[in-house]
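The values are calculated or read from the model by the stated rules, or taken from the named source; none is laboratory data. Just so you know, these numbers come straight off a predicted model, no measurement behind them. Cβ atoms come from the backbone with ideal geometry, glycine included; neighbour counts cover every protein chain shown. When the accessible area is computed, the model is the full protein with side chains, heavy atoms only, and any ligands, DNA or RNA have been set aside. Shrake-Rupley method; radii C 1.70, N 1.55, O 1.52, S 1.80 Å.
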Amino acid sequence: KLKLAGFQPETLAGKKIKKRTQIDGYHFTLEDDSWLLIRPSGTEPLLRTYAEARSWADVEQLLQEANSVIA
């Protein structure tokens, strides 16, 4: 069951969220300018997740947190 509607974390990957938007899905910008986007595919019945951070370990952590919400 999709839990995104109630997904309102204060932090992701141990960093505070400084901005949230829902223009093209659920986009979270963190205090260090890393970000996570969870959005519907548009062409398939699935969700896509994207992340950008300063290290691969931080990207993996963001994607793991997203997966725990959508899995």
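Ordering Arg20, Arg39 by how much accessible area each has at a 1.4 Å probe, largest first, what is the list?
Numbers: Arg20 95, Arg39 50 Å².
Largest accessible area first, the residues go Arg20, Arg39.
If you bin all the Cα-Cα distances of the chain at 5 Å, starting from zero, the percentages per bin are 3, 17, 31, 27, 15, 5, 1.
Note on Lys19: aspartates and glutamates with a C-alpha under 13 Å away, same-chain residues under 8 apart excluded, are Glu10, Glu31, Asp32, Asp33.
Specify the longest stretch of the chain that does not include any exposed loop site, a site being one of the GluC sites (Glu not before Pro) with a non-H, G, I, E, B DSSP assignment and at most 16 other Cβ atoms within 10 Å. Longest stretch, sites excluded: 32-71.
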